[in-house]
Amino acid sequence: MIAATIQLCTYNRSALLERVLEACFDQTLPDDSYEVVLVDDGSSDATPAVIERARLHASCAFTAVSQENRGLAAARNAGIARATGERIIFIDDDVLVLPNFVSEHLRSHATRPQAIVRGGAIEVESLDELPPPVWSIKNYSGNYFWTTNVSAPLATIRAIGGFDESFSEYGWEDIDVGLRLRARGVKAVFNPRALVYHFKPRLRASGIDGLVAQARARARTAVALARLHPHWRAFLATGINPAQRRFAAWRRRLGFAGRLRDRLAELGERELTPREARLARALANEAYFEELERALHA
């Protein structure tokens, strides 16, 4: 086996994908010691053309799989099935890895071979104006297994059956994997030098409806997660607990969501101000808890 597989999935992000793949190919360790496995989950944009150009320029082994849109869990499993590295490193199609990315993951695995390794992520609004590659506590994520930047022995991921494909909508499929790994006693270590830039562009007014729809999908999968893992970690992470549900119900009685919609009305197509973006995220949060109650009672 080679040392590592970088595995990522993509859906209609051709504008980002070329640069993301270039960064994956530009690693400091020998080209024959790692590979990149990409799964295109039914993209309808220029992704196929990007993949063909990547084949011509890939410096390491590069496998690209195209399938009908089946959701991220199924796409991850397609990538896992084709991985040949001793370690599998999961990233998303909106992250830019640093040249020492794979070597840092492998350095952590050398000292903790059975553990999962969590890398650092710096959120950026542009991939053209990047801050210094220094992770700080303001970028901290408490997620135990977050596929923006995490690695594990490939055999460990296969032993738990990979990702649960019943998570066909957005959200929680990686948290489910993490909870199953925790149940097996797999430890996690954090390496802030295994670093990525995570692209988080400013929200535009035209994206508010999509943000709300995504929140509703995430609520439905949250209920699925809690039923699979009736554990305090799942109840706290998803908001399926008395304190958060009561607070959300109180806000609904006050018509909080309606007031947010009124304040966000008629914004056109422009980029939101930071304050407006906070209001949009608050509206998505209201939609999440409203949908959560519907799904819990379904």
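The values are calculated or read from the model by the stated rules, or taken from the named source; none is laboratory data. This is a predicted model, so every value here is computed, not measured. Cβ: placed from backbone, ideal geometry, glycine included. Neighbour counts: every protein chain shown.
Side notes on the structure shown:
- Only one entry in Asp40, Asp31, Asp26 is surrounded by fewer than 16 Cβ atoms within 10 Å (Cβ to Cβ) and within 26 Å of Pro201 (Cα to Cα), namely Asp26.
- Among the residues of region 68-103, just one is over 18 Å from the mean Cα position of the chain (by Cα) and modelled with pLDDT under 95, namely Glu68.
- Selected residue [assigned by TED's automatic domain parsing to the domain that holds His109, surrounded by fewer than 18 Cβ atoms within 10 Å (Cβ to Cβ) and not polar (S, T, N, Q)] from Ala152, Ala188, Ala194: Ala188
- Single unsatisfied condition, Trp232 versus (1) over 23 Å from the mean Cα position of the chain (by Cα); (2) more than 21 Å from Glu169 (Cα to Cα): (1)
- Taken over region 43-63, the criterion of being farther than 17 Å from Leu16 by Cβ and either of a type in the set (Ser, Thr, Tyr) or in a helix (DSSP H, G or I) (or both) is satisfied by Arg55, Leu56, Ser59, Thr63.
- Qualifying residue in region 245-261 (condition: within 21 Å of Glu169 (Cα to Cα), at pLDDT 95 or above and not assigned by TED's automatic domain parsing to the domain that holds Leu21): no
- Unique residue being touching a Phe, Trp or Tyr at 6+ places or on another chain (Cβ under 8 Å), outside any loop (DSSP other than H, G, I, E, B), more than 23 Å from Glu293 (Cα to Cα) and among the small types (Gly, Ala, Ser) when the list is Gly178, Gly207: Gly178
- Condition check for Ala213: over 16 Å from the mean Cα position of the chain (by Cα), farther than 19 Å from Tyr144 by Cβ and assigned to a helix (DSSP H, G or I): yes
- Number of the exception - His57 against (1) modelled with pLDDT under 95; (2) within 25 Å of Gly162 (Cβ to Cβ): (2)
- Which listed residue, of Ile51, Ile122, is in contact with a His (Cβ under 7 Å, 6 or more places away or on another chain) and surrounded by fewer than 23 Cβ atoms within 10 Å (Cβ to Cβ): Ile122
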